[in-house]
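See below for the structure under consideration.
The values are calculated or read from the model by the stated rules, or taken from the named source; none is laboratory data. Everything numeric in this text was worked out from a predicted model, so none of it was measured. As a convention, Cβ positions derive from the backbone with ideal geometry for all residues, glycine included, and neighbour counts pool all protein chains shown.
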Amino acid sequence: MATLAMRVLPFALAIGASMAQAEPVPVLDDSTFRTLWQQVVPNDDELAWRRIAWLGTLAEGVVAAQTADRPILLWAMNGHPLACT
């Protein structure tokens with residue numbers, strides 16, 4: 001007895017293959033390379049997290065927070081960071 005996924009899979013593959021053939025193969029030249037490069041390389045806004053003065057341990061954070069009289073945000077979780085558990 002075939003499951004629903006086994007019945008639908010051949011049709012999904014056929015549709016995907018027909019869609020893949022419909023798109024032309026991209027050409028890599030100077031202008032397309034610049035466009036792709038700008039999409040791949042992060043800009044300054046995307047690298048803003050690097051300017052944060054991250055601390056290596058919770059103990060360093062406690063000392064810095066007590067010195068500055070500021071609260072601490074401790075983010076703790078269990079599992080895969082992308083929730084793929």
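General remarks:
- Close pairs from segment 26-55: first without any contact (Cβ under 8 Å) to a residue 12 or more places away in the chain, partner part of a helix (DSSP H, G or I), Cβ under 8 Å, at least 6 apart: Pro26/Thr32; Leu28/Leu36; Leu55/Gly61; Leu55/Ala64
- Residue within segment 39-52 that is more than 22 Å from the chain's Cα centre (by Cα), at pLDDT 80 or above and assigned to a helix (DSSP H, G or I) present: no
- From the options Gly61, Gly56, residue that is at pLDDT 85 or above and part of a loop (DSSP other than H, G, I, E, B): Gly56
- Verdict on Glu23 being at pLDDT 90 or above and out of contact with any Pro (no Cβ under 9 Å at 6 or more places or on another chain): no
- Pairs, first without any contact (Cβ under 8 Å) to a residue 24 or more places away in the chain in segment 60-77, second assigned to a loop (DSSP other than H, G, I, E, B) and not acidic (Asp, Glu), C-beta under 7 Å, six or more apart: Gly61/Leu55; Gly61/Ile72; Val62/Ile72; Ala64/Leu55; Ala65/Pro71; Ala65/Ile72
- Conditions (1) modelled with pLDDT of 90 or more; (2) in a helix (DSSP H, G or I); number of the one not met by Arg70: (2)
- Test result for Gly79, of a type outside the set (S, T, N, Q) and surrounded by 10 or more Cβ atoms within 10 Å (Cβ to Cβ): no
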